[in-house]
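Shown next, in structure tokens, is the structure this report addresses.
The values are calculated or read from the model by the stated rules, or taken from the named source; none is laboratory data. Quantities reported herein were computed from a predicted structural model and do not represent experimental measurements. In this analysis, Cβ positions are derived from the backbone assuming ideal geometry, glycine residues included, and neighbour counts consider all displayed protein chains.
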Amino acid sequence: MADVRLIALTRTGFEPECAQELEHELAARGGSGYAQTRRDCGFVVLHVHDAPQRKLRVGELIFVRQLLPVRVSFDALDTKDRVGPILAEAKASGVMLSDVWVETADSPDGEQLRGFARSFESAMATALKREKRFDARSTHRLHLFAHSGTHIDVSIATHAETAPWKGGIPRLRFPSEAPSRSTLKLEEAFLVLLDNEERERWLQAGMTAIDLGACPGGWTYQFTRRSIRTIAVDNGAMAESLMATGIVDHLRADGFRYQPNKAVEWMVCDMVEQPIKVAERMATWLREGWCRRTIFNLKLPMKKRWPEVQRCFAAMRADVPFELDLRAKQLYHDREEITVFATRA
Ligand SMILES: C[S@@+](CC[C@H](N)C(=O)[O-])C[C@H]1O[C@@H](n2cnc3c(N)ncnc32)[C@H](O)[C@@H]1O
């Protein structure tokens, strides 16, 4: 059987971790293949020789923002007619499409292609509409990954198996009332790591959250805007606007020693510390039942990031006597870190 190729989009500079994770997950699911990448190109190509027993899913991968199975690759499109060959491929598939996205890498090269991607997407949409290839009820989307203006990979994938944002990047607007830009990290984490139903059920007015390393309050803001009472633990200064809500208690204490006197729904943690120290503390909170669920950052070292993530997760699993539901992503609004959601499975 011919190799299947997948394009995995990632943060520029994280290609090695993305490649390691893909190869690891492919082998863990009984498949075989190899990952190929270039430094700072913002994507990895996974060549699959033997299909895994369970498909790789973007939602289960940490360093992958978008995952596209390549159906066909056009590497020398004629600039006079780029639409024609892709349209023919879409028609030949026999699949009705919900829409079309042209995606690029989040890299300097990808940035140069943004204008082309926008105009090509609208040209493709016009052609697909004319040929009656769109059906609003379809669960399939046409994804075109542009390596350049003449090199385009074509994918047809279901909404369920791909990220619901172009390039896997949710474009969030910074709320002007929030005291720091890190607020976008927690907002993105809620969007990426929880599904709609979990967000509704687990983020309800009247709940209580604890924010370790809270100052100046960007993460606390995500709770107060949902009328969730928050205990902010940090020796720094909290934004006055948050204290004025009347639902924030600011405790000047060490976040690694602090223990709540009753169990809470949420504990979040953005303290800058060694990842293993943070991971172990988070496991303690879950094991002791001090919180139902947690979202926290692991600030990764420059090198050996993938082994470090595995070490932290293994330590957490070893620390609790129950199964853990661990979900993690290197978010668009993260820097040299990943954001993790954990709860008892
Ligand atoms: C990256 S900032 C947090 C930003 C915050 N999440 C926001 O959105 O505004 C890290 C914070 O952790 C606090 N911190 C670091 N170590 C701590 C500790 N051991 N106990 C409590 N706070 C700590 C620092 O004072 C700092 O305010």
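Observations, loosely collected:
- Matching residues, segment 318-332, being closer than 14 Å to residue 278 by Cα and free of Cβ contacts under 8 Å to residues at least 12 places away in the same chain: none
- Residue in segment 166-181 that is closer than 30 Å to residue 84 by Cα, touching a residue at least 60 places away in the same chain (Cβ under 8 Å) and surrounded by 19 or more Cβ atoms within 10 Å (Cβ to Cβ) present: yes
- Residues in segment 201-216 that are of a type outside the set (D, E, K, R) and either more than 16 Å from the ligand (Cβ to nearest atom) or over 22 Å from residue 234 (Cβ atoms) (or both): 202, 203, 204, 205, 206, 207, 208.
- Those residues of segment 3-43 which are more than 16 Å from the chain's Cα centre (by Cα), assigned to a strand (DSSP E or B) and crowded, with 17+ Cβ neighbours inside 10 Å, in sequence order: 5, 6, 33, 35, 37
- Residues that are closer than 16 Å to residue 292 by Cα and either within 9 Å of the ligand (Cβ to nearest atom) or not polar (S, T, N, Q) (or both), drawn from segment 244-263: 260, 262, 263
- Note on segment 245-291: among residues that are among the aromatic types (Phe, Trp, Tyr) and in a loop (DSSP other than H, G, I, E, B), the one that is nearest to residue 226 (Cα to Cα) is 290.
- Sole exception among (1) on the phi < 0 side of the Ramachandran plot; (2) at pLDDT 95 or above; (3) touching an Asp or Glu at 6+ places or on another chain (Cβ under 8 Å) for residue 83, by number: (3)
- Yes/no for residue 221 being assigned by TED's automatic domain parsing to the domain that holds residue 286, near the ligand (Cβ under 9 Å from one of its atoms) and farther than 23 Å from residue 334 by Cα: no
- Within segment 194-224, the set of residues being farther than 30 Å from residue 58 by Cβ and not in a loop (DSSP other than H, G, I, E, B) comprises 208, 210, 224.
- Inspection of segment 264-271 identifies no residue that is more than 9 Å from the ligand (Cβ to nearest atom) and surrounded by fewer than 16 Cβ atoms within 10 Å (Cβ to Cβ).
- Residue in segment 36-50 that is under 22 Å from residue 152 (Cα atoms) and either among the small types (Gly, Ala, Ser) or not assigned by TED's automatic domain parsing to the domain that holds residue 141 (or both) present: yes
- Exclusive hit being in contact with a helix residue (DSSP H, G or I) (Cβ under 6 Å, 6 or more places away or on another chain) and not small (Gly, Ala, Ser), set 89, 17: 17
- Answer residue from segment 292-321, given it is in a strand (DSSP E or B) and of a type in the set (D, E, K, R) and is farthest from the ligand (Cβ to nearest atom) among those: 292
- Candidate set: segment 1-27, residues that are in contact (Cβ under 8 Å) with a residue 24 or more places away in the chain and small (Gly, Ala, Ser); chosen: the one nearest to residue 310 (Cα to Cα): 19
- For segment 203-219, the condition of being under 27 Å from residue 257 (Cβ atoms), crowded, with 24+ Cβ neighbours inside 10 Å and of a type in the set (D, E, K, R) holds for at least one residue.
- Scanning segment 225-238 for residues that are buried (at least 22 other Cβ atoms within 10 Å of the Cβ), more than 6 Å from the ligand (Cβ to nearest atom) and either part of a helix (DSSP H, G or I) or charged (D, E, K, R) (or both) returns no hits.
Yes or no, residue by residue, for (1) modelled with pLDDT under 95; (2) more than 16 Å from the ligand (Cβ to nearest atom); (3) closer than 24 Å to residue 79 by Cα:
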residue	(1), (2), (3)
137	no, yes, no
140	no, yes, no
151	no, yes, yes
172	no, no, no
179	no, no, no
190	no, no, no
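- Residue among 158, 79, 150, 126 that alone is β-branched (Val, Ile, Thr) and surrounded by 13 or more Cβ atoms within 10 Å (Cβ to Cβ): 150
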